[in-house]
1. Might you report the magnitude of the Cβ-based charge dipole of the chain about its Cα centre, with Lys and Arg at +1 and Asp and Glu at -1, to the nearest 20 debye?
2. Would you work out the relative contact order for the chain, in percent, from Cα pairs under 8 angstrom that are 6 or more residues apart?
3. Tell me, what HN-Hα J-couplings in whole Hz come from the Karplus equation 6.51 cos²θ - 1.76 cosθ + 1.60 at θ = phi - 60° for each residue of region 9-14, using x for Gly and Pro?
4. If packing is taken as the average count of other Cβ atoms within 10 Å, what order do 12-21, 68-77 fall into, highest mean first?
5. With the cut-off at 1.5 for a/c, could you classify the chain from its C-alpha gyration tensor as rounded, prolate or oblate?
6. Compute the signed sum of charges (Lys and Arg +1, Asp and Glu -1) over the other residues within less than 11 Å, Cβ to Cβ, of residue 75.
Amino acid sequence: MSNIAHLLEQKAALEKQIADAQRQERANAINQVKTLMAQFGLTAADLAGKSSGAPAKSKSSGKVAAKYRNAATGETWSGRGLQPKWLKAALASGKHLSDFAV
């Protein structure tokens, strides 16, 4: 048998040993985590950072209520972001923002 073939066999045997050792260490870690979870009464939700008490706050709160309304067209603006064209035009013509308050 050639030297390269022998080395490749050794490499394959080492890779199998490494994979087996990784599987065994992973199984040991899982068992240790399960033991600690049982000992402290933890759940998967606790590990994910979700508490079982108060509901978690949502990042997106959905639509925001309108603060300003164009009485003529019914268009609205929440007061967030850029002012809509209809409001800019009305303000430029001398009206006040409070004239459009809902």
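1. Numbers: 15 positive and 7 negative charges, 149 e Å.
For this selection, approximately 720 debye.
2. Numbers: 40 pairs, mean separation 16.3, N = 102.
Computed over the chain, the figure is 16 percent.
3. Each residue of region 9-14 in turn: 5, 5, 4, 4, 5, 5 Hz.
4. Working: 12-21: 10.0, 68-77: 13.2.
Peptide ranking by packing, descending: 68-77, 12-21.
5. On the way: a/c = 9.29, a/b = 2.57, b/c = 3.62.
Judged from the Cα gyration tensor, the chain comes out oblate (a/c at least 1.5, b/c at or above a/b).
6. Cβ neighbours under 11 Å give a net charge of +2.
None of the figures in this text is laboratory data; all of them are computed from the coordinates on show. Quantities reported herein were computed from a predicted structural model and do not represent experimental measurements. Virtual Cβ from ideal backbone geometry, glycine too; neighbours counted across all protein chains shown.
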